[in-house]
Amino acid sequence: MKQILFVNGSPNRNGNTVEMAHRLLSGKGYETLHLVDYKIYPLGQFFADDQFDEVMQKMTAVDILVMGSPVYWHSMTGQFRTLLDRIYEFPYKHQLSGKDLYFIFQGAAPSSVMLEAGSYTMGIFCRLFSLNYKGMATNMREVERLGTNLLK
């Protein structure tokens with residue numbers, strides 16, 4: 001059975017991003033990782049209590065990644081963006097290669113430009129690290145569409 005990890009980039013452990021992930025992954029066993037529970041310092045900062053390696057161990061150990069962020073200030077949350085930045089210099093980033101990645105990106109009233117920028121960022125992320133980008137959901141209808149393709 002394929003292992004699935006939902007990486008929640010929202011500071012809200014019970015918000016809309018989490019609800020969309022629950023709907024997407026309904027009936028499938030998965031683990032949730034709330035980025036807000038981890039200390040991940042910005043690229044170039046080095047502190048003993050940094051937990052980035054712990055997050056990466058979880059991400060590299062699964063077959064499918066579902067990553068989500070609400071739209072904050074016209075983009076992804078800071079925690080989510082910091083994770084993406086740090087992966088760029090992670091020495092074992094090649095261990096992400098071949099994994100499927102689904103992206104949840106939602107907000108109260110994001111513009112099409114904001115949503116396109118989010119999808120573009122995740123598409124580039126997947127190309128850089130050889131993940132299979134399976135698409136982005138911005139509402140429950142799109143979650144249902146992505147869910148029909150999950151684990152096929």
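Here are the numbers for this structure:
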| quantity | calculated |
| --- | --- |
| Residue match in segment 132-148 (condition: crowded, with 16+ Cβ neighbours inside 10 Å, of a type in the set (A, V, I, L, M, F, W, C), under 15 Å from residue 22 (Cα atoms) and over 12 Å from the mean Cα position of the chain (by Cα)) | yes |
| Test: residue 1 is in contact (Cβ under 8 Å) with a residue 24 or more places away in the chain, open to solvent by less than 30 Å² (accessible area, probe 1.4 Å) and either part of a helix (DSSP H, G or I) or more than 21 Å from residue 137 (Cα to Cα) (or both) | no |
| Residue match in segment 102-114 (condition: open to solvent by less than 40 Å² (accessible area, probe 1.4 Å), touching a Phe, Trp or Tyr at 6+ places or on another chain (Cβ under 7 Å), aliphatic (A, V, I, L, M) and in contact (Cβ under 8 Å) with a residue 12 or more places away in the chain) | no |
| Test: residue in segment 46-63 that is at pLDDT below 90, among the small types (Gly, Ala, Ser) and within 24 Å of residue 13 (Cβ to Cβ) | no |
| Members of segment 23-40 that are at pLDDT 95 or above and open to solvent by 10 Å² or more (accessible area, probe 1.4 Å) | 30, 31, 32, 34, 36, 37, 38, 39, 40 |
| Qualifying residue in segment 41-55 (condition: touching a residue at least 24 places away in the same chain (Cβ under 8 Å), surrounded by 17 or more Cβ atoms within 10 Å (Cβ to Cβ) and under 12 Å from the mean Cα position of the chain (by Cα)) | yes |
| Restricting segment 96-152 to residues that are of a type in the set (Phe, Trp, Tyr) and in contact with a Leu (Cβ under 8 Å, 6 or more places away or on another chain), the residue that is nearest to residue 66 (Cα to Cα) | 102 |
| Yes/no for residue 92 being aromatic (Phe, Trp, Tyr), modelled with pLDDT of 90 or more and closer than 19 Å to residue 7 by Cα | no |
| Selection status of residue 9, farther than 25 Å from residue 130 by Cα, in contact (Cβ under 8 Å) with a residue 24 or more places away in the chain, open to solvent by less than 50 Å² (accessible area, probe 1.4 Å) and out of contact with any Cys (no Cβ under 7 Å at 6 or more places or on another chain) | no |
| Criterion violated by residue 103 - all others in (1) at pLDDT below 95; (2) under 19 Å from residue 145 (Cβ atoms) satisfied | (1) |
| Positions within segment 112-133 being at pLDDT below 95 and of a type in the set (Lys, Arg), in sequence order | none |
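The values are calculated or read from the model by the stated rules, or taken from the named source; none is laboratory data. Computed from a predicted structure; not experimentally measured. Don't worry about glycine lacking a Cβ; one is built from the backbone with ideal geometry, like all the others, and counts go over all protein chains shown. Note: areas computed on protein heavy atoms with side chains; ligands, DNA, RNA excluded. Shrake-Rupley method; radii C 1.70, N 1.55, O 1.52, S 1.80 Å.
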